[in-house]
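To start, the structure itself, in structure tokens.
The values are calculated or read from the model by the stated rules, or taken from the named source; none is laboratory data. A quick note: this is a predicted structure, and the numbers were derived from the prediction, not measured. Backbone-built Cβ (ideal geometry, glycine too); neighbour counts: all protein chains shown.
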Amino acid sequence: MDLQGKVALVTGGAVRVGRAIALALADAGADIVLNYHTSETAAEVIADDIRARGVQALPYQADVAQVDQAQAMVAAAVERFGRLDVLVNSASLFRRTPVASVDETTWDQVLDIILKGAFFTAQAAIPHLAAHHDGLIVNIVDLSAFKPLPNMLAHSVAKAGLLNMTYALAMELAPDVRVNAIAPGLILPPPGHSPERIAALARRTLLGRWGSPEDVAQAVVYLGRAGFMTGAVIRVDGGEMLGPG
């Protein structure tokens, strides 16, 4: 797919990795629908950055965990731009959920944003993605999809489900829509990590360092252009899956 002139919807696109993805797709020539939930100010700033690149931006507030809002967002994107070519499901919730203390509300919040939101946004987008027989969905998972993170049960379950959903949708939607996943490793330290903890985590990778949101974003752009890839997952992890652990 030549991304020039295409339209991409990035959920969670105002901050962190989603922000980098939105900017990279804009650099590749795509108009961007920039979904955010509470980060309105950040979304407006990023939208201006996108427009400065010579493409269009539509910031759109929606809680993807609410099906009606996800559907309305897709409809607004198509109404504004007349088409939709790429969906990046990047919205996520990184919350501790120890087995003994996780409650139903937190469990539902995590799975609803990561898994339910991704599915119903994709479901609404599929007719538009398929219309030109060259659509793309990219689901952002992480290494917890393969190896659960301690005290992050809900998050790990949701990301594993999102990875399996990637495979299922790739089978269902071929050949008109390609569906792939990206699994980042050490990209952005969580708040509160000490310099010592950050350095210790870096030693778990083969490259001995953290990556950046731009590393993930370039993988998304690559998948946009890699027309023979579907049902695939790209680990952007510096070799952490093979590292000393």
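May I ask you to say which residue of Val141, Val74 is modelled with pLDDT of 95 or more and in contact with a Lys or Arg (Cβ under 9 Å, 6 or more places away or on another chain)? If you could, list the steps in order and put the result at the bottom.
Working: Val74 fails: in contact with a Lys or Arg (Cβ under 9 Å, 6 or more places away or on another chain).
The unique qualifying residue is Val141.
Can you go through Asp63, Asp68, Asp48 and tell me which one is modelled with pLDDT of 95 or more and within 26 Å of Ala219 (Cβ to Cβ)? Steps first, please.
On the way: Asp63 fails: within 26 Å of Ala219 (Cβ to Cβ); Asp68 fails: within 26 Å of Ala219 (Cβ to Cβ).
The unique qualifying residue is Asp48.
Against the definition (buried (at least 17 other Cβ atoms within 10 Å of the Cβ) and either in contact (Cβ under 8 Å) with a residue 60 or more places away in the chain or among the charged types (D, E, K, R) (or both)), how does Val236 come out, yes or no? Judged against the criteria, Val236 is not a match.
Is the range 118-138 home to any residue that is at positive phi and either among the β-branched types (Val, Ile, Thr) or out of contact with any Lys or Arg (no Cβ under 6 Å at 6 or more places or on another chain) (or both)?
Kept after step one, since they are at positive phi, are these residues of the range 118-138: 133.
Keeping just the survivors that are either among the β-branched types (Val, Ile, Thr) or out of contact with any Lys or Arg (no Cβ under 6 Å at 6 or more places or on another chain) (or both) gives 133.
Yes: the range 118-138 contains one or more residues that are at positive phi and either among the β-branched types (Val, Ile, Thr) or out of contact with any Lys or Arg (no Cβ under 6 Å at 6 or more places or on another chain) (or both).
With respect to the stated conditions, Leu169 fails to be part of a helix (DSSP H, G or I), in contact with a Leu (Cβ under 6 Å, 6 or more places away or on another chain) and either at pLDDT 95 or above or farther than 22 Å from Trp107 by Cα (or both). Candidates Arg178, Arg225, Arg235, Arg204: the one that is charged (D, E, K, R) and more than 28 Å from Leu129 (Cβ to Cβ) is Arg204.
Only residues that are within 21 Å of Ala22 (Cβ to Cβ) and touching a Pro at 6+ places or on another chain (Cβ under 8 Å) were counted in the range 108-140, giving 1.
Restricting to the range 5-38, and then to whatever is more than 15 Å from the chain's Cα centre (by Cα) and farther than 18 Å from Ala77 by Cβ, can you tell me which residue is surrounded by the fewest Cβ atoms within 10 Å (Cβ to Cβ)? Write out each step before concluding.
Start the filter on the range 5-38 by keeping residues that are more than 15 Å from the chain's Cα centre (by Cα), which leaves 5-7, 26-31, 38.
Now drop any that are not farther than 18 Å from Ala77 by Cβ, which leaves 27, 38.
Values: Asp27: 16, Thr38: 11.
Across the range 5-38, the extreme among qualifying residues is Thr38.
Please determine whether any residue of the range 111-120 is basic (Lys, Arg) and modelled with pLDDT of 95 or more. Scanning the range 111-120 turns up at least one residue that is basic (Lys, Arg) and modelled with pLDDT of 95 or more.
With respect to Ala170, determine if the residue is buried (at least 17 other Cβ atoms within 10 Å of the Cβ), farther than 26 Å from Val15 by Cβ and hydrophobic (A, V, I, L, M, F, W, C). So Ala170 fits the description; yes.
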